[in-house]
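Each remark here refers to the structure printed beneath this line.
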Amino acid sequence: MKVFVKEYTVTTSGREDIVNITRLVEEAVRESGIRNGLVLVYVPHATALLIVNEDEPGLRKDYISKLLQLFPRYGDYLHNRIDDNANAHLASAFVGSARIFPLVDGRIVRGTWQEILLVDMDGPRTRRIVVEVLGE
Amino acid sequence: MKVFVKEYTVTTSGREDIVNITRLVEEAVRESGIRNGLVLVYVPHATALLIVNEDEPGLRKDYISKLLQLFPRYGDYLHNRIDDNANAHLASAFVGSARIFPLVDGRIVRGTWQEILLVDMDGPRTRRIVVEVLGE
Amino acid sequence: MKVFVKEYTVTTSGREDIVNITRLVEEAVRESGIRNGLVLVYVPHATALLIVNEDEPGLRKDYISKLLQLFPRYGDYLHNRIDDNANAHLASAFVGSARIFPLVDGRIVRGTWQEILLVDMDGPRTRRIVVEVLGE
């Protein structure tokens with residue numbers, strides 16, 4: 001069994017932003033030489049999150065609108081007595097900062113409309129992305 | 001280390017539907033012969049999702065009601081200018097299309113009330129389920 | 001490849017409660033002797049959930065407030081005709097009962113503000129936590 005880890009950084013724009021990181025993840029998989037196993041994508045951040053879905057311009061805006069509706073920026077948050085980003089913490093906590101995929105014959109198993117998207121809810125920032133490939 | 005992958009298909013009914021896939025996942029685990037490691041269940045679809053919870057008739061309806069309350073079918077979605085299923089994309093993106101379990105002594109670690117449920121939010125369709133067992 | 005599994009129990013207080021289990025997970029990783037691979041944390045319960053985020057006293061209350069806003073205790077739930085905890089099932093189903101991390105050089109890859117938190121939505125109870133470390 002081999003374990004391959006590669007870290008990337010991306011820079012986001014605006015308070016909320018979405019960056020398609022599918023190509024980076026696929027690059028790490030190729031570089032790993034691992035053909036069968038799994039791929040774990042992880043963002044070590046408490047105010048960003050990962051989703052796996054279609055990267056369509058209208059839907060990109062729908063993701064952000066829905067997140068801001070479920071987790072409005074200005075709310076009665078206790079955390080905002082010491083900071084201003086409680087809504088980003090809540091979105092990250094409940095949607096999650098990890099996504100995992102089967103890896104079969106050198107290809108990430110994902111559907112036609114499943115792109116890997118980093119969502120920043122507290123940008124602009126430089127965000128780290130850890131890609132781990134485990135298998136043989 | 002061994003990696004075993006098996007794919008199933010299920011057919012859903014109605015726009016929203018829930019299919020209990022626990023038995024399929026357990027069948028794949030038995031067939032793999034792997035005793036210790038992990039089990040990854042993945043749906044390669046952008047308008048379906050996986051949950052792990054109780055399969056009780058009332059609660060089945062509660063899952064759908066809550067998803068439709070959080071992600072209403074008819075909303076002001078930009079994606080719906082080119083399609084009609086933005087709410088299903090949002091539910092799939094935020095709840096997620098993968099679930100993972102420890103595998104110990106040939107058994108999936110899960111609680112008494114934790115069944116593995118595929119939720120289709122844009123049916124009726126034929127949906128693929130990829131089960132990966134990794135371990136030894 | 002090695003697979004190491006350790007189970008812990010924690011006791012919660014009140015109907016909703018949060019317990020920081022980061023130290024338990026790190027203890028299991030050390031005990032495993034595994035240096036590179038992944039760490040899977042799993043709660044085999046249908047009315048509790050796991051989140052990975054900041055453990056700040058105000059934010060702890062914000063997590064619970066938001067969960068109770070999205071999944072109110074008293075709602076028109078069909079499951080509550082036979083029980084009284086539908087909202088806890090919904091929160092557990094949609095947020096999830098598993099969290100996974102890369103393990104690199106003996107350390108769990110996580111951000112400065114990413115603590116591992118068990119959220120009980122139907123306490124007080126004794127809750128099981130299964131930590132699996134897989135790698136070499």
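Every read-out reported here was derived from the displayed coordinates using simple, explicitly stated rules and does not represent laboratory data. Just so you know, these numbers come straight off a predicted model, no measurement behind them. Cβ coordinates were reconstructed from backbone atoms using ideal geometry, including for glycine residues, and neighbour counts include every protein chain displayed.
Key figures for this structure:
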read-out	value
C:Arg107-A:Ser13 pseudo-label distance in nm [points 7 Å out on the Cα-to-Cβ vector]	3.3 nm
Normalised contact order of chain A, rounded percent, pairs of Cα under 8 Å and 6 or more residues apart	55 percent
Long-range amide H partners of B:Arg35 with built H, under 5 Å	B:Glu136
Summed residue charge, Cβ within 10 Å of B:Ser92's Cβ, Lys/Arg positive, Asp/Glu negative	-3
Burial ordering of B:Ser13, B:Ser92, fewest other beta-carbon atoms within 10 Å first	B:Ser13, B:Ser92
Near-label residues of the stretch B:107-136 by backbone N, under 14 Å of a point 7 Å along Cα→Cβ of B:Arg30	B:107-108
Neighbour-count order for B:Phe101, A:Phe4, fewest beta carbons within 10 angstrom listed first	A:Phe4, B:Phe101
For a label point 7 Å along the Cα-to-beta-carbon line of A:Asp55, residues of the stretch A:92-117 with backbone N under 14 Å	A:111-117
Shielding by other protein chains, A:56-66, mean Cβ within 10 Å	6
Alpha-carbon centroid distance for the pair the stretch B:58-136 / the stretch C:89-136, whole angstrom	20 Å
Lysine pairs meeting the criterion (Cα under 25 Å, 8 or more apart or interchain), as found in the protein assembly as shown	18
Axis-nearest residue of C (beta carbon) for the C-onto-A rotation, whole Å	C:Met1, 2
P(r) histogram, all alpha-carbon pairs of the stretch C:20-136 included - 10 Å bins from 0, percent	13, 40, 29, 13, 3, 0
Label distances, nm, B:Glu26 versus same residue in remaining copies, Cβ-directed 7 Å point	3.9, 3.9
Choice from B:Glu27, B:Glu54, B:Glu16 showing the highest fluctuation, given a GNM over chain B with Cα pairs closer than 10 Å	B:Glu27
Cα gyration tensor shape of the protein assembly as shown, rounded if a/c is under 1.5, else prolate or oblate by comparing a/b with b/c	rounded
Selection from B:Val133, B:Gly111, B:Leu70, by position along the positive dipole direction of the stretch B:44-136 (Cβ)	B:Leu70
Nm distances between copies for A:Arg107, ranked from closest, using label points 7 Å along Cα→Cβ	3.7, 3.7
